[in-house]
2 protein chains.
Amino acid sequence: MKKIILFVLFMTAAVSAQEPKPTPPLYSEQTLTDLRNIQQAALGSDYAYRQTAYLSNNIGPRLTGSPQAQRAVEYVAAELRKLGLEVRLQELKVPHWVRGEERGELVEYEGMAAGTTQKVVLAALGGSIATPADGLTAEIVVVNSFDELNALPKGAVEGKIVLFNYKFDREMQASGFGGAAYGQAVQYRFGGAVAAARLGAAAVLVRSAGGSQNRLVHTGAMGYADGVKKIPAAAVTYEDAETIAYLAKMGKVRIKMKITPQTLEDAVSYNVIGDLKGSEKPDEVVVVGGHLDSWDLGTGALDDAAGVAVSMQVAYLLKQLNLRPKRTIRVIAFMNEENGGVGGRTYGQEQEANAMKHFAAIESDLGASHPLGFYFTGKPEALAFLAPISKVLGSQGAGLSQLQPGGVGADIGPLTQKGVPSFAPWFNQQTYFNYHHTAADTLDKVNPRKLAENGSLMAVLAYGLANLEQPLPR
Amino acid sequence: MKKIILFVLFMTAAVSAQEPKPTPPLYSEQTLTDLRNIQQAALGSDYAYRQTAYLSNNIGPRLTGSPQAQRAVEYVAAELRKLGLEVRLQELKVPHWVRGEERGELVEYEGMAAGTTQKVVLAALGGSIATPADGLTAEIVVVNSFDELNALPKGAVEGKIVLFNYKFDREMQASGFGGAAYGQAVQYRFGGAVAAARLGAAAVLVRSAGGSQNRLVHTGAMGYADGVKKIPAAAVTYEDAETIAYLAKMGKVRIKMKITPQTLEDAVSYNVIGDLKGSEKPDEVVVVGGHLDSWDLGTGALDDAAGVAVSMQVAYLLKQLNLRPKRTIRVIAFMNEENGGVGGRTYGQEQEANAMKHFAAIESDLGASHPLGFYFTGKPEALAFLAPISKVLGSQGAGLSQLQPGGVGADIGPLTQKGVPSFAPWFNQQTYFNYHHTAADTLDKVNPRKLAENGSLMAVLAYGLANLEQPLPR
C-alpha cells in the first residue's frame, strides 16, 4: 500500500505539469450561487444526523438478509418517496450468513491455575463455517505474516489453529492513512483461512484488522477457495492476540473455541434507487450513494448509515431549496457491500450498456470524520473541471482533491471500471478504523458537525457535477 | 469532589506559609547516595514489568475467592521468599462472589424491526444478586441523577428498571483528575440499587463509571442496605446508555436482562506479608503494597498487578544492591481490595495496637502512568522532611507532592486513620479510568518505562522513609 501512496503523490505532481485549460464557462453563475446556498443549507441541517440516528438506533445492525436490513430498505425507500424522488427497488439475490454463539478460552498455558481457563474475546468472521457443536480444542501456532507461516517446517500447523498476529499500523493511521493501514492488515482476515488450511490447520484466528486497543473484536468478510478445505475462522482482539503471543513464547498454548455461524439459503433483498430527474439532460446520471447493510456487532453508524444518510440528504437539500439539477441525480442505498458486494455488482451489470450515460458516481463509505476534500478516480485532466467546486468547498476546509488510481468505493467500483468518473469524500482517517466493524460502531461516534460537513461535500459535488456545462474528460 | 480539590490546593498553599525548618541531618550522605543508586537501578530494571506480566497473563483475572487469586498468593509468597524476605500469610475470611451468564436485549422500542431485538452490552456489578433464571423483562426509566430519580412522580419506577445515566466527566479526566471524575460517577454504581429499590424498582442499570467510549462495560462493587429489597444490578456501556436514552425519548423501551451471579460461602484467603528487617530499628515498619485481587473481566494488569509488582520490586532492588534499610520495609500484597476490603481491614485490626510502630505506609493502586510525585495524607509539616526525597525524584520528573486530606489508598486506609503517614504515587490520571474494571485492563496497557518510573518512586520513597534520621511529625 505504501507503493500505491507514493504513486498517487507522483500522479498528482504529474497532473499539475500537464493540466489542461478547460474552456469556460464550466458552471453558470446561477449554479455557483446555488452551490454556495446548498453548502450553507447543508452545514446548518441535521437531516443527515437524524437519518443516521434512525438507521443505527431505531433499526439497529443491518446485516444482509436480516429483518433489520429489510426494514432499512423499506424505511429509506419511504423517506426518498417523501422527498419526491422516483424510487425503485432493484431486486437482488444476496448471501445470508448469520452469527451464532461464540466463545473462546485458553485451556492450557504456562502458569495456568488448576481448574481455571482464561477467556479469549473472539468473533466469527463473516462467511466462516462453524466449529463442531461442542467446540474445537487445539494448540495455537502464532505467526506474524504469511511469510512466517510458509517458512514453518512441514506439518508444523497440521491439526492446529493458526493465529495470524499481524499488527495493524497505528502510526500510519495516526498520520491520516487509516485506510492504507487497513489494507495491509485485512489480507490476513480475508485470506488467512485459505493459507492456513493449505497447510492442514484445523482453524484460523486473526488479530483484529483495526486500531482498537479496547478489547474490541473486529469482524468482516473472509474467503474460502475452491479445492481448499473450509476451516472455521474468527478474529480475536488486539489484547487477546498479544496475550496468546506472550504465552506461546513460554510453552504450549491450547484454546477451546466455539463458533456456530450458519450460511442460510440466499435471500431476496434490494438496492434502493431514487431519481431526482434532471431538467436538461435527464438521461445523464450522477450517482450518489452509500451502503445500507452493516456488520452485526455494532449498529453500523459510521459504516455506513452515515454514508446513506448524507446521500439521502443531497435530495433533501435540493428539495428544500427548490433546486432541480440539469442532469439526473440518483441516490442509491446499496445492499450487501460488506459480505458479497451483490448490490454494487448487480447495479453495475444492469447499467453496463448505459455506462456512458453515467456522468459521475460518488460513494461515501469511510465514516464521517472531517472531509478534507474528495478522492477521484478518472482522467487526471478532469480535476481542472472541478476546480470551481473545490473552491466552494475550500471555505469549509474541504478544498483538496487527490487522484486514487485504484478506485474510491466498492459499490461504484463496477461503474469506475467502465470509465465513470468516480468520487468519494477524502476523510481524515485517524480514528475510523478504531471502530469499523466492531461493537463500538455506534451513533455516538458520528459527530453531527462533521457529518454536516460531509453532507455539504456530497451535495455540492453532486449538484456541481449534475450542472457542469461540459462533459468531463473520461 | 471539586470542593475537595480546592481544599487540597488551599491546604498546600497554607503549608508553604507555615513550613517548619526541620533540623538537619534528615538523611545521611550514604542514604542520599543509596537513593540515587536505587533510582538508577529501578529505571533500568524490568523486574516489575515481568511480575506484572506473570500476574496478568500467566495467572489471569484474580477475583477474590477464585483459584487464580489463590495461585497469586502462592506465587507472590514464593517470589518474596526467593528475595530473602520473612514471609507470612495472614489468613482472611473473604466474600466469594462469582459472575455467571449475562445477557441484555432491548425487546421493545420505537422503530424496532419485527422479529428482532437489539443487544445491550452489560455486566453484573460485584455483589449483585441474580435475575430470575429466565431473565427479567421490564420497561426502562432513564434518570441522570439521584435528584432526577427522586423528583419522579410516586410509583413511576415501580416494577421497572432504572437506568442511571450519569455521565462520567471526560474533560475532568483529560485534565489529569480521572480519580475525581470517577468519584462523582461511582456513587451511582455503588448506591444505585438501594436508591432504585426504595422506590420499588425491579432492577437497576448503571452507565459505566469510566471514560471508555469503546463499548466496554465497567464492573465494580455495589451495595445493598438493611431493610431495602435487594434487586439485580448491572452496568451497561457508555454506548448502550446513550442508545437507551435516545430511544426512551421516543417512547417505551423494554429490556430483557439476565444475570446469574452467585454469592458463595465466604472463602479462606490471605494477605501476603514479607519483611525485609531493618538494621537499626527493626520494630519500626514502612509498609509498601498493592492489592493482589482484581476484577474478573480483564486481567487486572493496571488494577492492581502493577501495584503489587512495584512493591515486590522494592525488595528486589534492595537485594540486588545489597542494601539493608534501617527500619523494616514490609511488602504487603493485600487481598480483597475490590469487593470487601477484608485484607486491608484485617491487617489494620491486627496492627491496631501497633500503629505507632508503623512509621509510614505506601500503596500503589492507581495504575502505572507517569508518576508526577506522591500524594500524602498526614501532618502538612511532614512534607518538609521529605524534600530531599522529592529532590532525588525530581530528576525523573516525579518531584511533586500533594496533600490529600481524605486518604490515599483503601488497603492502608485503616493505618491512615490511626495517624500513620500515608503515601501513594501521584499519577497523571488521563487514561486510567478508560480501562479500570473493564475487559481491557490488560498487560498492554502497562507501559514498561512508566512502570519502571513508578518502581523507582516506590523504592526511593520506601527506602528514604526507612532511613529517615528523625521521626516524621504525626
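Between identical copies, the spacing of B:Q470 label points, each set 7 Å from Cα toward the C-beta atom, reads 8.8 nm from nearest to farthest. Computed from backbone phi, the HN-Hα couplings of segment A:340-351 come to x, x, 5, x, x, 5, 5, 4, x, 5, 4, 9 Hz, rounded to whole numbers (Karplus: 6.51 cos²θ - 1.76 cosθ + 1.60, θ = phi - 60°; Gly and Pro given as x). Counting only aspartates and glutamates at least 8 places from A:K154 when in the same chain, those with an alpha carbon closer than 17 Å to its own are A:E139. Dimensions of segment A:100-260 from C-alpha coordinates, computed as largest minus smallest value along each principal axis and given longest first, are 46, 39, 34 Å. Comment: the Cα-to-Cβ extended label point of A:A353, at 7 Å, lies 10.3 nm from its counterparts in the other copies, nearest first.
In the structure shown, the pairs B:K229/B:K258; B:K119/B:K258; A:K119/B:K445; B:K119/B:K230; A:K160/A:K252; A:K93/B:K256 are assessed against 22 Å; a Cα-Cα span above that value is assigned to B:K119/B:K230; A:K93/B:K256. Which FRET efficiency, nearest 0.05, do A:R474 and A:E110 yield, Cβ-Cβ r, R0 60 Å? Calculated value: 0.45.
When both segment A:420-444 and segment B:197-252 are represented by their alpha-carbon centers, they are found 30 Å apart.
Where chain A is rotated onto chain B, the residue of A whose Cβ comes nearest the axis, and that gap in whole Å, is A:N214, 2. Restricting the calculation to alpha carbons of the protein assembly as shown gives Rg and Dmax of 30.9, 99 angstrom. Summing charges over all other residues whose Cβ lies under 12 Å from the Cβ of A:I255, with Lys and Arg as +1 and Asp and Glu as -1, gives +3.
To the nearest ten degrees, helix B:306-320 and the longest principal axis of the Cα atoms of chain B are 20 degrees apart.
Extending 7 Å from the Cα toward the beta-carbon at both B:V98 and A:L321 defines two label points whose distance is 6.5 nm.
In summary, the lysines within cross-link reach of B:K319, defined as a Cα separation below 20 angstrom excluding same-chain residues under 8 places away, comprise B:K82, B:K277, B:K281. With only alpha-carbon pairs counted, each pair once and no self-pairs, how large is the Kirkwood hydrodynamic radius of chain B in angstroms? The Cα-based Kirkwood calculation yields 23.1 Å. On a C-alpha basis, how far is the centre of segment B:342-412 from the centre of segment A:68-124 in Å? Whole number, if you could? Segment B:342-412 and segment A:68-124 have Cα centres separated by 49 Å. For A:K167, a cut-off of 13 angstrom between C-alpha atoms picks up these aspartates and glutamates, skipping any fewer than 8 places away in its own chain: A:E239, A:D240, A:E242.
Cα centroids of segment B:23-41 and segment B:271-304: 23 Å apart. For B:N428, the residues whose amide H sits under 5 Å from its own are B:H370, B:L372, ignoring neighbours fewer than 5 places away on the same chain, with H placed 1.01 Å from N. Label-point spacing for A:A387 across the identical copies (point 7 Å from Cα in the Cβ direction), in nm and ascending order: 6.9.
Counted without the sites themselves, the longest stretch of chain B free of GluC sites (Glu not before Pro) in a DSSP loop having at most 13 other beta carbon atoms within 10 Å is B:281-474. Helix A:178-198 and the longest principal axis of the Cα set of chain A meet at an angle near 40°.
For segment B:367-377, the Karplus equation 6.51 cos²θ - 1.76 cosθ + 1.60, evaluated at θ = phi - 60°, returns couplings of x, 8, 7, 4, x, 8, x, 9, 8, 9, 10 Hz by residue, with Gly and Pro reported as x. Relative contact order, percent, of segment B:100-260 when contacts are C-alpha pairs under 8 Å separated by at least 6 residues? After rounding, I find 39 percent.
Every read-out reported here was derived from the displayed coordinates using simple, explicitly stated rules and does not represent laboratory data. A quick note: this is a predicted structure, and the numbers were derived from the prediction, not measured. Here Cβ is always computed from backbone atoms with ideal geometry, including for glycine, and neighbour counts include all displayed protein chains.
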